[in-house]
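Data block below; observations after.
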Number of protein chains: 2
Amino acid sequence: MGGRGAYAKGVAKREEILAVALEVVAKNGCRKATTSEIAERVGLTQPGLMHHFGSREELYQEVLRARDVHDLDEYYAPNPRFEGFLSVIQHNTQVPGLVQLYAEFAAEASIVGHPAHDYFVERYAWVRGLLSSAIERAQEEGEMGPDLDVAEAADLIVATSDGFQVEWLHDPTIDMVGRLTRVWELLRRSSWPESGAGPT
Amino acid sequence: MGGRGAYAKGVAKREEILAVALEVVAKNGCRKATTSEIAERVGLTQPGLMHHFGSREELYQEVLRARDVHDLDEYYAPNPRFEGFLSVIQHNTQVPGLVQLYAEFAAEASIVGHPAHDYFVERYAWVRGLLSSAIERAQEEGEMGPDLDVAEAADLIVATSDGFQVEWLHDPTIDMVGRLTRVWELLRRSSWPESGAGPT
């Protein structure tokens with residue numbers, strides 16, 4: 001049926017656009033990448049491009065979402081572990097354009113009223129959930145102490161990796177995997193119960 | 001003398017421009033803020049503005065540098081302590097526009113060849129140095145264990161605070177000072193010697 005063919009073509013075109021958008025962002029940075037350059041490179045007019053993605057913001061959001069879907073499938077399924085998180089970080093060192101897009105777009109989207117703000121709020125919750133599961137699993141297996149505050153430890157790992165990756169963009173000699181392994185070790189060696197409890 | 005008056009006026013105009021640039025960035029975000037809006041609000045033409053600051057990138061860099069000079073004087077002098085760092089973070093919650101500019105511009109500047117790249121590399125080294133001094137002081141005073149790897153702990157605090165602040169921009173209910181106090185507590189409770197040493 002022609003309808004099915006058109007649908008399949010639409011999906012393929014969408015994927016082509018996401019890939020090209022990522023290349024253009026990787027080359028120019030998020031601020032200087034233009035939808036007109038992306039449209040030209042995939043053989044569409046700007047209105048044609050906007051038929052697939054309603055706005056620049058939606059396009060970038062979908063580039064990042066496609067990455068997350070890939071990473072979930074490749075590195076976290078069926079059960080998230082810290083090793084899977086490290087594999088994502090290792091993979092990130094091979095795709096600096098994606099890391100750059102994530103860092104710049106996350107900061108841009110934090111301004112009041114930005115259309116991608118909700119996406120990032122949801123994504124933070126998603127990553128914290130993955131890491132909380134990984135920490136609970138490590139606790140079940142006796143690798144991580146039972147008195148560790150899981151949510152707090154997950155928050156720490158998310159923030160640390162977000163911070164390291166912007167620093168790494170400026171200085172690619174930084175060993176993100178090594179540093180995050182050491183943070184995990186710190187959490188493993190320490191008891192870190194809720195505030196106020198335990199020795200000082 | 002007229003020369004001295006012109007110099008003083010130049011300094012005052014420069015400070016006015018920095019203040020207005022920050023307001024415009026806080027309202028629109030780094031990407032949508034324009035030098036034409038800034039020029040108009042300080043009663044200059046764009047070439048007139050560029051007489052004071054050679055480029056948009058130099059202007060934003062100087063806004064951030066002016067913040068650092070202020071913070072160093074207000075919160076770190078004469079000797080940096082972790083409490084001073086927490087005061088900076090507390091102050092940051094009152095100036096979200098600056099935090100937004102820092103986060104977005106740091107990510108933007110990480111692209112190869114960006115004119116503000118060197119500024120951020122130097123700034124990372126500066127902040128790490130301040131925190132290393134604060135940690136060493138805490139060690140001297142017996143607050144922090146002697147086997148803590150100072151450089152590694154400083155790296156961790158810098159990355160964590162950078163990560164928390166982008167998350168905080170998306171969710172201002174996050175207590176950055178509380179979270180960073182807890183990270184300090186984690187480092188204080190733990191022994192965290194160089195990799196490979198100590199119990200596992």
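Being at positive phi and modelled with pLDDT under 95 is a description that does not apply to B:Gly97. Do we find a residue being outside any helix (DSSP H, G or I), more than 9 Å from every other protein chain (Cβ to nearest Cβ) and open to solvent by 50 Å² or more (accessible area, probe 1.4 Å) anywhere in segment A:116-139? No, segment A:116-139 contains no residue that is outside any helix (DSSP H, G or I), more than 9 Å from every other protein chain (Cβ to nearest Cβ) and open to solvent by 50 Å² or more (accessible area, probe 1.4 Å).
Can you go through B:Arg67, B:Arg31 and tell me which one is assigned to a helix (DSSP H, G or I), closer than 23 Å to B:Ala116 by Cα and among the basic types (Lys, Arg)?
Values: B:Arg31 fails: assigned to a helix (DSSP H, G or I).
Selected residue: B:Arg67, the only one of B:Arg67, B:Arg31 that is assigned to a helix (DSSP H, G or I), closer than 23 Å to B:Ala116 by Cα and among the basic types (Lys, Arg).
Of the residues making up segment A:126-151, those that are more than 20 Å from B:Arg182 (Cα to Cα) and of a type in the set (A, V, I, L, M) are A:Val127, A:Leu130, A:Ala134, A:Ala138.
Among the residues of segment A:166-175, which ones are in contact (Cβ under 8 Å) with a residue 24 or more places away in the chain, among the hydrophobic types (A, V, I, L, M, F, W, C) and either surrounded by fewer than 21 Cβ atoms within 10 Å (Cβ to Cβ) or not in a helix (DSSP H, G or I) (or both)? Even if it seems obvious, please write down each step before you answer.
Of all residues in segment A:166-175, those in contact (Cβ under 8 Å) with a residue 24 or more places away in the chain come to A:166, A:168-169, A:172.
Remaining after also requiring among the hydrophobic types (A, V, I, L, M, F, W, C): A:166, A:168-169.
Of everything in segment A:166-175, nothing turns out to be in contact (Cβ under 8 Å) with a residue 24 or more places away in the chain, among the hydrophobic types (A, V, I, L, M, F, W, C) and either surrounded by fewer than 21 Cβ atoms within 10 Å (Cβ to Cβ) or not in a helix (DSSP H, G or I) (or both).
Selection of segment A:98-115 for residues being surrounded by 21 or more Cβ atoms within 10 Å (Cβ to Cβ) and either in contact with a Ser or Thr (Cβ under 6 Å, 6 or more places away or on another chain) or part of a helix (DSSP H, G or I) (or both) yields A:Val99, A:Gln100, A:Leu101, A:Tyr102, A:Ala103, A:Glu104, A:Phe105, A:Ala106, A:Ala107, A:Glu108.
Of the listed requirements (1) over 14 Å from B:Leu101 (Cβ atoms); (2) in contact with a Pro (Cβ under 7 Å, 6 or more places away or on another chain), B:Glu57 misses just one: (1). Scanning segment A:70-90 for residues that are assigned to a helix (DSSP H, G or I) and either crowded, with 16+ Cβ neighbours inside 10 Å or outside the structural domain of A:Val183 (by TED's automatic domain parsing) (or both) yields a total of 10.
Just to be sure I understand, how many residues within segment A:140-151 are part of a helix (DSSP H, G or I) and farther than 21 Å from A:Val88 by Cα? Give the steps one after another, and end with the answer.
Initially, segment A:140-151 is screened for residues part of a helix (DSSP H, G or I), giving A:140, A:150-151.
Filter once more, so that each one left must be farther than 21 Å from A:Val88 by Cα: A:140.
Result for segment A:140-151: 1.
Within segment A:149-165, if we keep just the residues that are of a type in the set (A, V, I, L, M) and open to solvent by 10 Å² or more (accessible area, probe 1.4 Å), the residue that is nearest to the other protein chains (Cβ to nearest Cβ) turns out to be A:Ala151. Condition check: more than 7 Å from chain B (Cβ to nearest Cβ), in contact with a Ser or Thr (Cβ under 8 Å, 6 or more places away or on another chain) and not in a loop (DSSP other than H, G, I, E, B). Does A:Trp184 satisfy that? No, not satisfied.
Kindly evaluate B:Arg65 against the criterion of being farther than 27 Å from A:Ile111 by Cα, in the same structural domain as B:Glu143 (by TED's automatic domain parsing), open to solvent by 50 Å² or more (accessible area, probe 1.4 Å) and in contact (Cβ under 8 Å) with a residue 12 or more places away in the chain. Here the answer is no, as B:Arg65 does not meet what is asked.
Does segment A:4-14 contain any residue that is under 21 Å from A:Pro115 (Cβ atoms) and modelled with pLDDT under 95?
Restricting attention to segment A:4-14, the residues satisfying the condition of being under 21 Å from A:Pro115 (Cβ atoms) are A:14.
From the residues that got through so far, the ones that are modelled with pLDDT under 95 too are A:14.
There is at least one residue in segment A:4-14 that is under 21 Å from A:Pro115 (Cβ atoms) and modelled with pLDDT under 95.
Taking the stated definitions as given, is A:Gly178 within 30 Å of B:Ala138 (Cα to Cα), open to solvent by 20 Å² or more (accessible area, probe 1.4 Å) and modelled with pLDDT of 95 or more? So A:Gly178 passes the test. Is at least one residue of segment B:62-73 in contact with a helix residue (DSSP H, G or I) (Cβ under 9 Å, 6 or more places away or on another chain) and within 14 Å of chain A (Cβ to nearest Cβ)? Yes, there is a match, as at least one residue in segment B:62-73 is in contact with a helix residue (DSSP H, G or I) (Cβ under 9 Å, 6 or more places away or on another chain) and within 14 Å of chain A (Cβ to nearest Cβ).
For segment A:15-27, a residue qualifies if it is surrounded by 15 or more Cβ atoms within 10 Å (Cβ to Cβ), out of contact with any Asp or Glu (no Cβ under 6 Å at 6 or more places or on another chain) and free of Cβ contacts under 8 Å to residues at least 40 places away in the same chain, and the qualifying residues are A:Glu16, A:Val20. Residues of segment A:29-43 that are closer than 19 Å to B:Glu104 by Cα and open to solvent by 40 Å² or more (accessible area, probe 1.4 Å): A:Arg31, A:Lys32, A:Thr34.
The values are calculated or read from the model by the stated rules, or taken from the named source; none is laboratory data. The model shown is predicted, which means the values in this text are computed figures rather than measured ones. A quick note on method: Cβ atoms are made from the backbone with ideal geometry, for glycine too, and the neighbour counts reach across all protein chains shown. Accessible surface is based on the protein model in full, side chains and every heavy atom, while ligands, DNA and RNA are left aside. Shrake-Rupley method; radii C 1.70, N 1.55, O 1.52, S 1.80 Å.
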